[in-house]
Amino acid sequence: MPGRNRGAVALGSVALGATSLLGACAGDDGAAGAPESPSPSTVQEGPVAATAVAVGDCLNGVVIGAAERATISSADVVSCDRAHGLEVYATFTLQPDDFGLTDPAEYPGPARVVRAADERCAERIEQVVEDPGAFGLIALWPSQESWAAGDRTVACAVFSPDGSTFEARQI
């Protein structure tokens with residue numbers, strides 16, 4: 001799939017309502033609140049680079065752990081009418097200004113990137129569903145390696161907190 005093949009990203013997850021957000025995002029210019037994710041488009045099934053997932057994608061092949069952080073390089077996009085583990089509800093772009101960086105190539109560090117991804121994904125789920133507590137959230141954010149290659153995109157997805165798969169579109 002052209003344009004959807006880039007490097008690995010990091011990933012984190014959490015069930016909403018937990019005291020500490022461990023992981024949990026619609027394209028925007030960095031301003032909080034104003035999503036710019038496009039509406040879901042026609043889905044092309046198959047493997048996609050983790051950095052290239054899009055709003056409306058339903059995914060399989062991504063490991064979710066309550067307190068685990070992992071690096072993933074790809075996920076399988078499937079039709080939302082089939083069993084799937086994740087639904088991407090938002091993407092956004094991190095900006096060097098978000099971290100007070102003067103050099104746009106400088107990686108802000110994993111803790112700062114994770115915190116920004118978690119907070120913004122949690123904010124965005126409120127705009128998408130009536131009962132955010134019914135879902136777990138997962139964030140896919142740039143790793144140091146993908147940041148060095150120019151990746152600044154964070155993707156946010158929901159999953160079932162009980163580990164079951166979705167049989168149809170949830171959001």
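The numbers here are math on the coordinates, done by the rules we state, and not lab data. Here the structure is a predicted model, which is why all the values come from computation and not from measurement. Every residue, glycine among them, receives a Cβ derived from its backbone with ideal geometry; neighbour counts consider all protein chains shown.
The table for this structure:
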{"item": "Hz values of 3J(HN,Hα) by residue in the stretch 136-153 - Karplus curve (6.51, -1.76, 1.60), Gly and Pro given as x", "result": "x, 10, 9, 10, 10, 10, x, 7, 4, 5, 6, 4, 4, 8, x, 6, 10, 8"}
{"item": "Summed residue charge, Cβ within 15 Å of P108's Cβ, Lys/Arg positive, Asp/Glu negative", "result": "-4"}
{"item": "Calculated FRET efficiency for the pair E119/E45, C-beta based, R₀ 35 Å, to 0.05", "result": "0.65"}
{"item": "Farthest positive-ward along the stretch 83-171 dipole, Cα basis, beta-carbon charges - from T91, G150, A111", "result": "G150"}
{"item": "Local net charge near S79, Cβ-Cβ under 13 Å (Lys/Arg +1, Asp/Glu -1)", "result": "-4"}
{"item": "Gain upon complete extension [A148, S164; 0.36 nm per residue less C-alpha separation]", "result": "2.2 nm"}
